[in-house]
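Working notes, structure below.
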Amino acid sequence: DRPSVTVTINDNDATNGTNNPIDDSTIFVGQHYRDFLNRNPDAAGLNFWVNEIASCGSNTQCVEIKRINVSAAFFLSIEFQETGYFAYRTYKSVFGDATSQNVVGPVPVIRFKEFLADAHRIGEGVQVGIGNWQQQLDDNKNAYALEFVQRSRFTLAYPLTMTADEFVSKLDQNTGGALSVLERSQLRAMLGATPEDP
């Protein structure tokens, strides 16, 4: 039995009308920080992106293009590529997706709940350009990888009885043959006879 919870939603809009809150540039940009980077916006970044949209004035076509460009910038940002997209690529490499041959199980291979938790884990304490962010990111990614390979979903897909050749071949197949012959050979050599070897 799961406990039940009652949620009350209070209408606290400043005005009653047909405007969607996401039409406000500050809300729009702030939501991008939360959706892509799993954090609240920093003041400088928020101001930069809001001003980028505001530079259009009342030109609705310009505003639409700027909003699209802002979304693209967040997607292409180092911070997202190395956190959320890193989590996505990890799942695809390990479990494959609809484009991979012989994928077992439903796709997408990463569920939204998993994506949010893993992206947050990788990006914890990371803000590009602030402090020693590269080292923090590397530490987070290494810790994440060690945690990931201990999860039951991973150990079921890659049992310790697999040979190094089977292990590397499965990873390469899931990524659509992304590894070169040399990379496959190097990975097999690093793993030894079986993936559990030191």
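The values are calculated or read from the model by the stated rules, or taken from the named source; none is laboratory data. Just so you know, these numbers come straight off a predicted model, no measurement behind them. All Cβ positions, even for glycine, are placed from backbone atoms using ideal geometry, and neighbour counts span all protein chains on display. Heavy atoms of the whole protein, side chains included, go into the accessibility calculation; ligands, DNA and RNA do not. Shrake-Rupley method; radii C 1.70, N 1.55, O 1.52, S 1.80 Å.
Relative to the present Cα-Cα distance, how much length would full extension add between N10 and R34 at 0.36 nm per residue of separation?
Separation in residues times 0.36 nm, less the Cα-Cα distance, equals 6.4 nm.
Could you work out the relative contact order of the chain? I mean the mean sequence separation of Cα pairs under 8 Å and 6+ apart, divided by the number of residues, in percent.
Working: 160 pairs, mean separation 33.6, N = 198.
Across the chain, relative contact order equals 17 percent.
In terms of solvent-accessible area of protein heavy atoms at a 1.4 angstrom probe, what is the ranking of R188, R39, highest value first?
So the residues, ranked largest to smallest area, are R188, R39.
Say R0 is 30 Å: what FRET efficiency, to the nearest 0.05, do I68 and V149 get from their beta-carbon distance?
Result of the calculation: an efficiency of 0.20.
Just to be sure I understand, if you calculate mean projected area of the Cα convex hull in nm² for this structure, which of (1) 15.2; (2) 17.0; (3) 13.3 do you get?
Only one option fits the structure, namely (2).
Just to be sure I understand: with springs between alpha-carbon atoms less than 10 Å apart, which residue in G125, G57, G30 has the highest mean-square fluctuation in the Gaussian network model of the chain?
Comparing G125, G57, G30 in the GNM, the peak value goes to G57.
222 nm [θ] for the chain, helices only, -39500 (n - 2.57) per DSSP H run of 4+, per residue, to 500?
Mean residue ellipticity at 222 nm (helix-derived): -17500 deg cm²/dmol.
Just order 130-141, 176-187, 84-95 by mean Cβ neighbour count inside 10 Å, highest at the front, would you?
Those peptides, ordered most packed to least, come out 84-95, 130-141, 176-187.
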